[in-house]
Amino acid sequence: MTHPHPPETTIAFIGGGNMASALIGGLLRQGLPATQLEVVEPFEPARQALQDGFGLSAQAAPTPALARAALVVWAVKPQTFADAAAQTRPHLAPGALHLSVAAGITTDSIARWLCSECIVRAMPNTPALVGRGMTGLFARPAVDTAGRALVGQVLAPTGQTLWVAQEAQLDAVTALSGSGPAYVFLFLEAMQQAGAELGLSAEQARQLAVATFQGAAELAARSPDALAVLRQRVTSPGGTTHAAITRMQAGGMSEHFIAAIHAAEQRARELAAQFGA
């Protein structure tokens, strides 16, 4: 089964919140006509936001118009997915490709609820809202190359994508990049507080911290060198950076951080079991 590119493809969104809005905005910027989008969003303020932001008229409940969608994007809360699927399935084309951005819901559950094997599961993160996201993707075997390409095109405006071969690896993706923005914000908070304690204003400390993270991340992205090598280049023996790094290592910061990511992966597995039951 092949899927045309977005300019000729009708795409349906079940759920019209922040992540759906990021994808919708990207599709419209790519040139997809608004007439080729169908959106179902029960929450009236979210429907109004779609109208105000994109001129889109979203529906409060599924309608037969969903049958024209070649791709259906499931942007619903995990706990409401099963009910949304039951209400929506009668209106969908049997050959539609399904893309889920609902955290913790396995493709086995989705396949059971939708009676379809054409499913891609995505784990995005919040920087997708500003086009700098990192999304992990897993496709069931029934999804062909064209289907993967269509998903990649839909997600392209949100940032980078990474396909994994096994669905269980999405739990690791969740622990690293899905939850990862919060780790960065926590570290930025600490840098801002330290800067304020050292005599800078909160605004100055925030600007310095955020710009440093952005710059270091960009340097890492462009460099072929190992991260340890990049760190060592900044860490002169006996210097200021060495003093800070030595203190962090003495406190076991890396070990605690790694343990925290393992805890996030464990919780992701628990949630998948809970929501997919």
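Tabulated values for the structure
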| item | result |
| --- | --- |
| Gln166 vs. criteria more than 26 Å from Ala273 (Cα to Cα), of a type outside the set (Lys, Arg), exposed (fewer than 15 other Cβ atoms within 10 Å of the Cβ) and at pLDDT 95 or above | no |
| Candidate set from region 230-270 (those that are closer than 30 Å to Asp108 by Cα and touching a helix residue (DSSP H, G or I) at 6+ places or on another chain (Cβ under 7 Å)); member that is surrounded by the most Cβ atoms within 10 Å (Cβ to Cβ) | Ala268 |
| Residues that are among the hydrophobic types (A, V, I, L, M, F, W, C) and within 25 Å of Ala96 (Cα to Cα), drawn from region 47-66 | Leu50, Phe54, Leu56, Ala58, Ala60, Ala61, Ala65, Leu66 |
| Criterion (under 27 Å from Thr174 (Cα atoms) and of a type in the set (A, V, I, L, M, F, W, C)) met by exactly one of Ala102, Ala58 | Ala102 |
| Residue match in region 217-229 (condition: within 20 Å of the chain's Cα centre (by Cα) and surrounded by 11 or more Cβ atoms within 10 Å (Cβ to Cβ)) | yes |
| Single unsatisfied condition, Ala226 versus (1) among the small types (Gly, Ala, Ser); (2) at pLDDT 95 or above; (3) within 30 Å of Ala111 (Cα to Cα) | (3) |
| Neighbours by Cβ (under 7 Å, 6+ apart or cross-chain): first from region 20-44, among the charged types (D, E, K, R); second part of a helix (DSSP H, G or I) | Arg29/Pro157; Glu38/Ala65; Glu38/Leu66; Glu41/Arg47; Glu41/Leu50 |
| Restricting region 67-84 to residues that are in contact with a Ser or Thr (Cβ under 9 Å, 6 or more places away or on another chain) and over 21 Å from Leu155 (Cβ atoms), the residue that is surrounded by the most Cβ atoms within 10 Å (Cβ to Cβ) | Ala82 |
| Failed criterion for Thr145 (all others in (1) of a type in the set (S, T, N, Q); (2) surrounded by 15 or more Cβ atoms within 10 Å (Cβ to Cβ); (3) more than 23 Å from Gln274 (Cβ to Cβ) hold) | (2) |
| Selection within region 103-123 - modelled with pLDDT of 95 or more, crowded, with 16+ Cβ neighbours inside 10 Å, within 21 Å of Ala69 (Cβ to Cβ) and not polar (S, T, N, Q) | Ile110, Ala111, Trp113, Leu114, Cys118, Ile119, Val120, Arg121, Ala122 |
| Matching residues in region 130-184 - criterion: being in a strand (DSSP E or B) and at positive phi | Gly159 |
| Residue identified as of a type outside the set (A, V, I, L, M), closer than 18 Å to Met123 by Cβ and at pLDDT 95 or above among Gly26, Gly15 | Gly15 |
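The values are calculated or read from the model by the stated rules, or taken from the named source; none is laboratory data. Because the structure is predicted, anything quoted here is derived from the model rather than measured. Every residue, glycine among them, receives a Cβ derived from its backbone with ideal geometry; neighbour counts consider all protein chains shown.
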